[in-house]
Amino acid sequence: MDDRQNMMENGGQQENTENMENTESTENAESRMKENPAQGLPAGTKEESQQGSGKKKSGYRSGFIGGFLTAILLVAVLVGGVSLGRSIALNQAQSAQTDGNNAEADGEDGLITVEFLQEVSTIYQRISQSFLYDYDNEELRDGMLSGLLEALDDPYSVYYNESEMQSFNDQTQGEYYGIGCSVSQNAQTGIITIVKPYEGAPAYEAGLQSGDILYAVNDELVTGTDLDQVVSMIKGAEGSTVKLTIQREGESEMLDFNVERRQVEIDTVEAEMLDGQIGYIAVSSFDGVTPDQFIEAFEELKAQGMKGLIIDMRNNGGGLLTAVEEMLDYLLPEGEIFYAMDKNGTKYSEYSSDAEAALDVPLAVLVNGNTASAAEVFSGNIQDFGVGTLVGTTTFGKGIMQNTYSINAEGTKGIKLTVADYYIHSGRNIHGVGLTPDVEVELTEGLENQTEIDQSQDNQLQEALRIVREQVQ
């Protein structure tokens with residue numbers, strides 16, 4: 001086994017994250033909404049208009065592990081996860097940020113002191129005089145700025161150089177294409193894992209599998225690299241290919257896949273009626289089209305005589321908070337479902353449901369370690385309002401939000417920064433803790449790597465069915 005395999009294996013596999021794309025995604029998505037940057041919510045994307053509204057037979061979207069930053073590699077957006085308050089924040093942040101930096105720099109305890117600048121100058125002089133190899137001044141500057149964010153010890157706060165910022169902006173403009181799979185990143189080890197290649201998409205056709213560990217993109221190592229940046233590396237011009245180097249369980253050597261980039265349309269909602277008139281709705285992410293797809297599926301099942309409902313949130317890395325709000329408002333009675341709080345204790349971004357609730361049948365919600373961010377907001381509110389039973393394993397635990405800011409006048413460089421905690425109906429923040437299911441059920445060993453699982457073998461689904469059927473009777 002070569003050195004690169006050893007590095008990956010020693011990193012280990014652990015549990016999820018996500019940026020709330022509204023992390024999100026997915027910590028995710030996370031780190032997807034166009035909101036006031038002061039609210040710390042995700043910017044809009046082009047993917048919303050490209051999603052299909054049809055439904056397919058549902059299959060359990062199994063994940064390799066729980067507890068990762070999740071993102072969907074679709075047409076022009078991260079689905080799970082990830083940056084918040086993008087477009088407006090990029091345009092408005094610089095002047096206020098500059099004023100704040102100048103004020104702090106003048107203070108005795110400020111970061112940018114005369115002594116600090118002298119130390120930087122001394123180091124650079126030593127490099128220019130003595131360093132053996134060639135170097136690039138721009139790369140040195142990028143390294144300094146990147147190190148500043150890395151020193152915060154927050155996996156969600158990162159620096160974007162010019163090329164990374166351009167790729168990030170391209171995602172919001174819909175100019176680039178993806179490979180059609182969801183990925184996740186361990187916040188502690190930085191290891192990136194394929195959660196699910198979507199049937200019919202390039203990743204699926206190329207042979208990628210759930211549980212594959214992504215080692216390199218175009219021969220560039222990606223372990224520990226910010227998930228947003230990795231997604232940007234995978235995206236590209238339509239029809240072009242990207243080389244992915246994968247470590248697969250049971251294989252002694254790395255596997256290389258050349259995957260075509262193209263437009264991918266993936267339904268975010270799949271539904272069917274199970275035995276006993278129990279409806280089943282699987283939600284893979286929260287995008288602009290998701291509420292309409294969800295409500296349509298719910299109403300179709302209801303018209304078929306639905307007596308109970310199971311909503312599958314397993315391996316949903318998050319997405320748009322507005323999508324969650326719309327879906328919860330449709331299902332829940334009146335009450336607050338979400339709010340954020342910044343470092344000064346200022347409460348904002350409050351979302352509530354009204355008194356009209358469509359849910360009038362027993363409900364169970366399936367969750368696992370890859371249920372993150374916006375998906376946790378959805379599932380946690382179902383639990384807090386007492387209208388359904390959570391079944392599965394402890395969720396990822398992403399309860400913080402990020403904004404993206406420009407750091408120069410041209411907007412060619414920027415940072416993504418954690419700016420707020422968020423809270424659900426009961427007032428709890430689940431960051432680093434996750435949601436504990438009402439009924440804890442581990443998926444049968446050996447099934448976690450399968451892309452599709454037969455419903456009769458899916459013991460988590462079978463337990464949810466048992467619970468709902470008992471309530472129906």
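The values are calculated or read from the model by the stated rules, or taken from the named source; none is laboratory data. Not measured: the values here are computed from a predicted model. With ideal geometry, Cβ positions are generated from the backbone for all residues, glycine too; neighbour counts draw on all protein chains shown.
Hey, any hits in region 162-174 for a residue that's more than 20 Å from Ser285 (Cβ to Cβ) and either of a type in the set (A, V, I, L, M, F, W, C) or at pLDDT 85 or above (or both)?
yes
Output the residue which, of all residues in region 443-473 that are among the charged types (D, E, K, R) and outside any helix (DSSP H, G or I), is nearest to Leu152 (Cα to Cα). I'd like the intermediate steps shown before the answer.
Residues of region 443-473 among the charged types (D, E, K, R): 445, 448, 452, 454, 458, 463, 466, 469-470.
Filter once more, keeping what is outside any helix (DSSP H, G or I): 445, 448, 452, 454, 458.
Values: Glu445: 37, Glu448: 34, Glu452: 39, Asp454: 44, Asp458: 41 Å.
This residue is Glu448.
Quick check: is even one residue across region 372-379 out of contact with any Cys (no Cβ under 8 Å at 6 or more places or on another chain), over 26 Å from Leu152 (Cβ atoms), at pLDDT below 95 and assigned to a loop (DSSP other than H, G, I, E, B)?
no
For region 432-442: of the residues being at pLDDT 95 or above and in a loop (DSSP other than H, G, I, E, B), which is surrounded by the most Cβ atoms within 10 Å (Cβ to Cβ)? Write out each step before concluding.
Residues of region 432-442 that are at pLDDT 95 or above, as a first pass: 433-442.
Among the residues that remain, those that are also in a loop (DSSP other than H, G, I, E, B) are: 433-438, 441-442.
Details: Val433: 13, Gly434: 25, Leu435: 27, Thr436: 13, Pro437: 24, Asp438: 15, Val441: 17, Glu442: 11.
Going through the qualifying residues, I end up with Leu435.
Residues in region 363-378: is at least one surrounded by fewer than 24 Cβ atoms within 10 Å (Cβ to Cβ) and either of a type in the set (Val, Ile, Thr) or closer than 20 Å to Leu328 by Cα (or both)?
Start the filter on region 363-378 by keeping residues that are surrounded by fewer than 24 Cβ atoms within 10 Å (Cβ to Cβ), which leaves 363.
With the extra rule that they be either of a type in the set (Val, Ile, Thr) or closer than 20 Å to Leu328 by Cα (or both), the set shrinks to 363.
Yes: one or more hits.
Of all the residues that make up region 214-232, how many are under 16 Å from Tyr156 (Cα atoms) and in a strand (DSSP E or B)?
Number of matching residues: 0.
Just the residues that are crowded, with 21+ Cβ neighbours inside 10 Å and under 19 Å from the mean Cα position of the chain (by Cα), please, taken from region 406-422.
Those that are crowded, with 21+ Cβ neighbours inside 10 Å and under 19 Å from the mean Cα position of the chain (by Cα): Ile415, Lys416, Leu417, Val419, Ala420, Tyr422.
Test of understanding: among Tyr215, Tyr204, which residue is buried (at least 21 other Cβ atoms within 10 Å of the Cβ) and of a type in the set (Ser, Thr, Tyr)?
Working: Tyr204 fails: buried (at least 21 other Cβ atoms within 10 Å of the Cβ).
Among Tyr215, Tyr204, only Tyr215 is buried (at least 21 other Cβ atoms within 10 Å of the Cβ) and of a type in the set (Ser, Thr, Tyr).
Return the residues of region 281-330 that are in a strand (DSSP E or B) and out of contact with any Asp or Glu (no Cβ under 9 Å at 6 or more places or on another chain); say none if nothing qualifies. Can you show your working first?
First, the residues of region 281-330 that are in a strand (DSSP E or B): 281-283, 286, 308-312, 319.
Result: Gly308, Leu309, Ile310, Ile311.
I'm checking my understanding of the structure. Among residues of region 444-462 that are modelled with pLDDT of 95 or more and surrounded by 19 or more Cβ atoms within 10 Å (Cβ to Cβ), which one is farthest from Glu334 (Cα to Cα)?
Within region 444-462, the match that is farthest from Glu334 (Cα to Cα) is Asp458.
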